[in-house]
Amino acid sequence: MKKHITSTAIPTHALKTEALASMSASFERFCLAAGVETLSEMMDQDAEAVCGARHARDEGRRAHRWGRTKGKIGFHGGKIEVERPRVRGFDGEERTLPSWESAVGENWLGEWAMNQMLINVSTRKFKRSVRLPGGDVPASDGAGLSKSATSRRFVALSAARMKEWMETRLDHLDLLVIQIDGIHMAEDMLLVAAVGVDATGEKHPLGLVEGATENAATARALIANLIDRGLDPAVRRLFIIDGSKALSTAIRRAFGRDTLIQRCQVHKARNILERLPKSMHASVRSALRQAWELDDAAKAEKLLRNLARRLNADWEGVAGSILEGLDEMLTVTRLGLPRELRRSLACTNIIENVMGTARRVCRNVKRWRSPSMAMRWTAAAMMEAKKGFRRLKAHKQLPALRAALDRQQPGTSTERPLAQIAEAA
């Protein structure tokens, strides 16, 4: 008894004719059939180029036809089965058809998987997100739409992109500002990232390292990676951090003891207010804002010390927190920067927004299997956040920052008053 085998390959002309008759309901299937038929014609032309016309005795032919077989190409995040001709050379080796190699060489499957994961589609729902249940395009077994196949493609593409990003040179970037901050992925897993702002106000994700805690060793590993990729430690830049002493220590060890560091004023205010009763929040917040808005660093420091003195009687610990790192809280004020630029550079909002994107992208992950997994996901999220980057709001005033940084270079004159630096914008 003969066994009947039904091919699962997509038919071409008949399917296209049928879909064309009801295009309004089956336009996607019509496009698929038209594409498959076009690919079949291209493969037939490739076969004819090396084998000559069918049933003709061409002395210049270099191979001969060897039947047909089925293969799979990417379509809508998965795979479809297509019938293709086989060609063998006179040496018995199978020859590849250029059109088929081009069709299977596209990395659309990985791109689909990466895109769906970045918009929070879970691997279990991937098939439903790219193929309608009961829709016109079939999704047979082996279509590459399973959660494991989707995960493998995401892992491969995200690892390749992270490797490429982490090896990108930084020599060509004229960076004036670097923000560094950490994000906790698990109880004993933390990632430290860096984002830079160049002289035109454009923002650039710079690097990412893993660690157990936000300690000096983790920060030094990140800085060492940036320097290895071309970040010149001799060039003066403004570093903005959340107040971590480990970050401050690592930055000064790599870039010099007199490196300019600005502590995030938003973090400082939050830490202070969280330790006070709600009845005191309004007055303390007003005093902090008044100090940070002053153009005179000496007056701002005096205002903050007065606030600490008033709180010292009943809230000694909070008063100490206000005075801790006071110099680094007013760095942008001491540089004499314009007010709009100070507001942009007095906090870590840029990198906080990047970390917010990372939390959104990673929210479907229930368990981090390894630090490398967390690195891949976070790197992909940082590249996703980069798509929405806009220039620094006060980018037209960045020449004032460059002038202030130039004044800090060793051997430069310090006679120019800071007021003139603000006018450089």
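The values are calculated or read from the model by the stated rules, or taken from the named source; none is laboratory data. Everything quoted here is computed from the prediction, not taken from an experiment. Cβ: placed from backbone, ideal geometry, glycine included. Neighbour counts: every protein chain shown. The area values use the complete protein model at the heavy-atom level, side chains included, leaving out ligands, DNA and RNA. Shrake-Rupley method; radii C 1.70, N 1.55, O 1.52, S 1.80 Å.
Go through the residues of segment 223-241 one by one and say whether even a single one is open to solvent by less than 40 Å² (accessible area, probe 1.4 Å), β-branched (Val, Ile, Thr), under 20 Å from the mean Cα position of the chain (by Cα) and closer than 17 Å to Thr378 by Cβ. No, because not a single residue in segment 223-241 is open to solvent by less than 40 Å² (accessible area, probe 1.4 Å), β-branched (Val, Ile, Thr), under 20 Å from the mean Cα position of the chain (by Cα) and closer than 17 Å to Thr378 by Cβ. Kindly check whether there is at least one residue in segment 48-70 that is within 30 Å of Asn115 (Cβ to Cβ) and not aromatic (Phe, Trp, Tyr). Yes - at least one qualifying residue is present in segment 48-70. Take the conditions (1) aliphatic (A, V, I, L, M); (2) crowded, with 20+ Cβ neighbours inside 10 Å; (3) within 23 Å of the chain's Cα centre (by Cα); Ile251 misses just one of them, which is (3).
Checking Val177, Val195, Val235 one by one, the residue that is part of a loop (DSSP other than H, G, I, E, B) and closer than 23 Å to Ala346 by Cβ is Val235 and no other. Applying the condition of being closer than 30 Å to Lys396 by Cα and in contact with a Leu (Cβ under 7 Å, 6 or more places away or on another chain) to segment 204-221 and asking which residue is surrounded by the fewest Cβ atoms within 10 Å (Cβ to Cβ) yields His204. Of all residue pairs spaced 6 or more apart or on separate chains, those with beta-carbon atoms under 8 Å, a first member in segment 35-57 that is small (Gly, Ala, Ser) and a second member that is open to solvent by less than 20 Å² (accessible area, probe 1.4 Å) are Ser40/Val82; Ala47/Pro85; Ala47/Val87; Ala47/Leu97.
Met185 fulfils the conditions (1) part of a strand (DSSP E or B); (2) in contact with an Asp or Glu (Cβ under 7 Å, 6 or more places away or on another chain); (3) not small (Gly, Ala, Ser) except for a single criterion, (2). Has segment 43-60 got at least one residue that is within 29 Å of Ser146 (Cβ to Cβ) and either at pLDDT below 70 or open to solvent by 40 Å² or more (accessible area, probe 1.4 Å) (or both)? Taking every residue of segment 43-60 in turn, none turns out to be within 29 Å of Ser146 (Cβ to Cβ) and either at pLDDT below 70 or open to solvent by 40 Å² or more (accessible area, probe 1.4 Å) (or both).
Residues satisfying the criterion are present in segment 361-369 (criterion: open to solvent by 30 Å² or more (accessible area, probe 1.4 Å), assigned to a loop (DSSP other than H, G, I, E, B) and farther than 25 Å from Gly207 by Cβ). In segment 61-100, of all residues being surrounded by 15 or more Cβ atoms within 10 Å (Cβ to Cβ) and either assigned to a loop (DSSP other than H, G, I, E, B) or among the β-branched types (Val, Ile, Thr) (or both), the one that is farthest from the chain's Cα centre (by Cα) corresponds to Arg61.
Every listed requirement among (1) surrounded by fewer than 19 Cβ atoms within 10 Å (Cβ to Cβ); (2) in a helix (DSSP H, G or I); (3) over 17 Å from the mean Cα position of the chain (by Cα) is met by Glu352 save one, (3).
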